[in-house]
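Since the structure comes first, as structure tokens, the remarks are kept for the end.
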Amino acid sequence: MGLASLVIRTGLQIFFLTLPPSAAAVARVVPLDFDYRVFAFTLVTSGLTTIMFALVPALQATRGTLTCPGHRPRYRSPGRPCELVATYSISIQRDAEPDASARRGGKL
């Protein structure tokens, strides 16, 4: 804690020395104490977020069964048709304007 206090004190001195005198007279620093409730909330929230968005999908991905190369998967993603339409329309648009990137200075 000693090094952190020294860095904070030095940083505040540099901050107030670089301010214009009119602003330095008005500016004030409120001392902040360490709040264990905020720390506990942040710790629990980050832990739950990690479990929800990283660990659970990773475990679900490793649980899957292997399929033979000739078989289709049991389910399809509901967003798959939209993804295919978007990819196809982007490729058509690129083919329709072959000189668009040349006008922007890019190479074909």
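Here are some conditions: (1) at pLDDT 60 or above; (2) in a helix (DSSP H, G or I); (3) over 30 Å from ILE14 (Cα atoms). VAL38 meets all but one. Which one does it not meet?
Status for VAL38: all satisfied but (3).
Just need a number here: residues in region 2-24 that are surrounded by 10 or more Cβ atoms within 10 Å (Cβ to Cβ) and either at pLDDT below 85 or in contact with a Pro (Cβ under 9 Å, 6 or more places away or on another chain) (or both).
Total satisfying the criteria: 1.
The values are calculated or read from the model by the stated rules, or taken from the named source; none is laboratory data. Please read all numbers here as calculations on a predicted model, not as lab measurements. Please note: Cβ atoms are built from the backbone with ideal geometry, for glycine as well, and neighbour counts cover all protein chains shown.
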